[in-house]
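S.K.: What follows is a single structure, and I will ask about it in a moment.
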Amino acid sequence: MSRNLKVAAAQLGPIARNESRQAVVKRLIDLMREAADWGVDVVVYPELALTTFFPRWAIEDEDEIDSWFEIEMPNAATQPLFDEAKRLGIGFHLGYAEIAWQDGVKHRFNTAIIVDKAGEIIGKFRKIHIPGHHEVLDRPGQHLEKKYFEVGDMGFPVYRAFDAVCGMAICNDRRWPETWRVMGLQGVEIVFCGYNTPVGLGDTYDLDALTPFHNQLSFQAGCYQNATWAVGVAKAGCEEGFNMIGQSMIVAPSGEVVAMCNTIEDEVVVHNCDLSRSADYKRDIFNFACHRRPEHYGLIVERTGAEPPEG
Ligand code: ING
């Protein structure tokens, strides 16, 4: 019996450094209303969907750094989005920079939430694979996420929402098989993953020219090998002089890309995901209980990454 979840990937074009939260939230609401015309159940927004990708700059002033973060969610700027979603009866996924106080200590995370159709936050995830550098490199573009975000402290949880087992990943997380497998072992049926993926930062040619391919490869492999749907959503375009890929996409448990944006601007693509296709793959080729044999995989040595593997 098919169980459907109609999803929208709500891609964002560039967000200017001086663009207010209110102006961005209006764009998010416009995208949600467009998705509502298609009768969707859930709208998926990008990573850091409320601001420009500020980790491209080295910012030293603590107050200025904090100005890119949300201290509470929802807050005055985002409440209109929560209200509109509730009015439309639509759930959503939102990525943003989070300040969390734990035992009197301030922590900064790259965070995403799932909000149900009643406007309630029913799940949170904090990015675990933080790419880039702590310090400025001698190159035209920077990627200083390690300077601004701590490693997420929530693992890769899955949540029951929209009558589905939902998980989240954020950007670089999608490149690591552990991300997908940890959720796969929990029976995930659909993964929401926002990203801000720059090109032309002065990395090697390989990285730049193959970045769109590696983006698709990460989603298609993760979905197929864990029998799950995924909605990958970009902040795209030339943002403050730096190019970021689009390619927001919806990927089936078969690994097929069933929908993809073809602009680098605000754009909505929609697909009616038959969740029973996830069950089909979990019952057959990726029946972990029947075919997966971790006890036979041999000694797994967790490398610190400090030394290259022998040979
Ligand atoms: N961005 C990038 C990503 O993982 C990156 C970092 C870019 C890695 C290009 C490799 C190549 O998509 C974020 N925000 O993680």
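S.K.: As an exercise, use a Förster radius of 35 Å and the Cβ-Cβ distance of ILE99 and LEU185 to find the FRET efficiency, rounded to the nearest 0.05.
M.R.: Efficiency at R0 = 35 Å is approximately 0.65.
S.K.: Moving to a separate point now. What distance in nm separates the two pseudo spin-label positions at ASP63 and ASP153, each 7 Å out from Cα along the beta-carbon direction?
M.R.: With each label placed 7 Å out from Cα toward Cβ, I get 2.7 nm.
S.K.: Okay, moving on. Report the label-to-label distance for HIS291 and ILE29 in nanometres (one decimal), using points 7 Å from each Cα along the Cα→Cβ vector.
M.R.: Here the answer is 4.8 nm between the modelled labels.
S.K.: Still on this model: Rounded to the nearest 5, what % of DSSP beta bridges with both residues in the range 207-299 are antiparallel?
M.R.: About 100 percent, rounded to the nearest 5.
S.K.: Quick query: amide H of GLU70 versus all other amide H atoms, modeled in the peptide plane; which residues come in under 5 Å with a sequence gap of 5 or more or a different chain?
M.R.: Sorted by chain and number, the residues that satisfy this are ALA97, GLU98, ILE99.
S.K.: On a 1.4 Å probe surface of the protein chains, which of ARG126, ARG139 comes out largest in accessible area, and what is the full order?
M.R.: Final ranking, largest accessible area leading: ARG139, ARG126.
S.K.: So in the chain, what percent of DSSP beta bridges are antiparallel if you round to the nearest 5?
M.R.: 65
S.K.: Per the 1.4 Å probe, what fraction of the accessible area of the range 4-296, in percent, lies on carbon and sulfur atoms?
M.R.: Roughly 53 percent, rounded to a whole number.
S.K.: Of the peptides 181-192, 34-45, how do they stack up when ordered by the mean number of other Cβ atoms within 10 Å, highest first?
M.R.: 181-192, 34-45
S.K.: Over all directions, the average projected area of the alpha-carbon convex hull for the range 4-296 comes to how many nm²?
M.R.: Projected over every direction and averaged, the Cα hull of the range 4-296 covers 15.6 nm².
S.K.: Given the pairs LYS127/LYS147; LYS26/LYS235; LYS106/LYS146; LYS6/LYS282; LYS106/LYS147, which span a C-alpha to C-alpha distance of over 18 angstrom in this model?
M.R.: Where the Cα-Cα span goes over 18 Å, the pairs concerned are LYS6/LYS282.
S.K.: Got a sec? Which residues in the range 1-45 would a label at ASN75 touch, if it sits 7 Å along Cα→Cβ and we count backbone N under 16 Å?
M.R.: 18-26
S.K.: So, one more: Can you give the FRET efficiency to the nearest 0.05 for ASN272 and LEU207, using r as the Cβ-Cβ distance and R₀ = 30 Å?
M.R.: Plugging the Cβ-Cβ distance into 1/(1 + (r/R0)^6) gives 0.30.
S.K.: Using only DSSP helix segments of four residues or longer, with each worth -39500 (n - 2.57), what per-residue ellipticity at 222 nm results for the chain after dividing by its residue count and rounding to 500?
M.R.: The per-residue figure over the chain is -7500 deg cm²/dmol.
S.K.: Mean shadow of the range 33-122, computed from the convex hull of its alpha carbons, in nm²?
M.R.: Seen from a random direction, the Cα hull of the range 33-122 projects 6.6 nm² on average.
S.K.: Put +1 on the Cβ of every Lys and Arg and -1 on every Asp and Glu Cβ in the range 4-296; which of LEU201, GLY141, LEU94 then has its Cα farthest towards the positive end of the dipole?
M.R.: Sorting the options by dipole projection puts first LEU94.
The values are calculated or read from the model by the stated rules, or taken from the named source; none is laboratory data. Only a predicted model underlies this, so the values are computations on that prediction, with no experimental measurement involved. Quick reminder, even Gly has a Cβ in these numbers, built from the backbone with ideal geometry, and neighbours come from all protein chains shown. Note: accessible area is taken over every heavy atom of the protein model, side chains too, but ligands, DNA and RNA are not part of it. Shrake-Rupley method; radii C 1.70, N 1.55, O 1.52, S 1.80 Å.
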